[in-house]
Structures are given as C-alpha cells and as structure tokens.
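What follows is one structure encoded as structure tokens, with my remarks underneath.
The values are calculated or read from the model by the stated rules, or taken from the named source; none is laboratory data. Computed from a predicted model, the values in this text were never measured in an experiment. Please note: Cβ atoms are built from the backbone with ideal geometry, for glycine as well, and neighbour counts cover all protein chains shown.
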Amino acid sequence: MLREKDLPENEYMTLAKEVSMICKQNKVKLIIHFYSEVAEKLNYESIHLPLFKLKENYEKLSKFKTIGTSVHSVEEAIEAQKLGATYISAGHIFATDCKKDLPPRGLEFLKEVCNSVTISVYAIGGIKLSDVQMDEIIKCGAKGGCIMSGMMSL
C-alpha cells in the first residue's frame, strides 16, 4: 500500500507512477491509498480509503475489485462491510510508537471485529516481524497483519 497521506494529489500521482513501475517489475500488488482518482488514472483495481472517504464515495467505487478501509470499532467494521469494503484493517492492536498516547485495543478487540464481519480482517498497529504475534493474530480470526514501523527498520 502506498500511503503518503500528507502529499497533495498531484505529487502522490507522480510517486504512484514510480512505485507502480517498481511493483510491476517485482510482481507485487500495489494498493493506492486515499486517492481513488489516482487509482482510476493508473488503472489499478485496488484502493484503501479512510472510512470517511469510503462513506463519501461508496457509490462511485464499483470499478474497484479490492476496497479496503481502516476501522477502530466493531460498529465501524460492520459499517465498512455494508459500504462495500472487501477487507478492513483493524487497530491498533499492540502498543506502537505511532500512537504513543493511545492504549492498544488488544487481541480481544481484534477477535470481536473478526467475529462481526465476513470480509477479511488484517490487524494493524505495533506488529513486529514475529511468529508469536502473527500466530496470536491468526488465532483471533484475522487473515494477517500489517507491519509498518517494523519494515522501516530493515
């Protein structure tokens, strides 16, 4: 997922074109974040939108095969599924430097989200390159976990 939420759309488009070439060369799927117009222009079938953008645009997203959003409650997970999301990321599950002032929602929260929807759920937040954490996440019913900060330190 190309997540650069601070870039204006035109700069994001330039970066997306570059990343798209790298992904295609390496046969890696690219999910465009936030800018559905960029995904359309680049002929991508996958988009990840914040929940508020999914609400605003759900009627215009039929051209996408994969539609994701991030959720922070069971109610948001259910709403996302009703709006057409094909997957959700739920978090934050473990303590993370990205959200120092917020306590993690934990594995019980993840289990509740997984049990409330039929679409794929991916855990996010504080996930490390650890078989132990991944095993815990999978046992909760999640399809997998998203690693951000841990990948930056490789």
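Scanning the range 1-22 for residues that are over 23 Å from Ser73 (Cα atoms) and part of a loop (DSSP other than H, G, I, E, B) turns up Glu4, Asp6, Leu7, Pro8. Scanning the range 94-118 for residues that are β-branched (Val, Ile, Thr), modelled with pLDDT of 90 or more and more than 19 Å from Phe52 (Cβ to Cβ) yields one hit, Thr118.
Residue-by-condition table, conditions (1) in contact (Cβ under 8 Å) with a residue 24 or more places away in the chain; (2) under 23 Å from Ile124 (Cα atoms); (3) β-branched (Val, Ile, Thr):
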residue: Lys5; (1), (2), (3): yes, yes, no
residue: Lys29; (1), (2), (3): no, yes, no
residue: Tyr35; (1), (2), (3): yes, yes, no
residue: Lys41; (1), (2), (3): yes, no, no
residue: Glu59; (1), (2), (3): no, no, no
residue: Thr86; (1), (2), (3): yes, yes, yes
residue: Asp101; (1), (2), (3): no, yes, no
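Only residues that are exposed (fewer than 15 other Cβ atoms within 10 Å of the Cβ) and within 24 Å of Leu83 (Cα to Cα) were counted in the range 103-123, giving 2.
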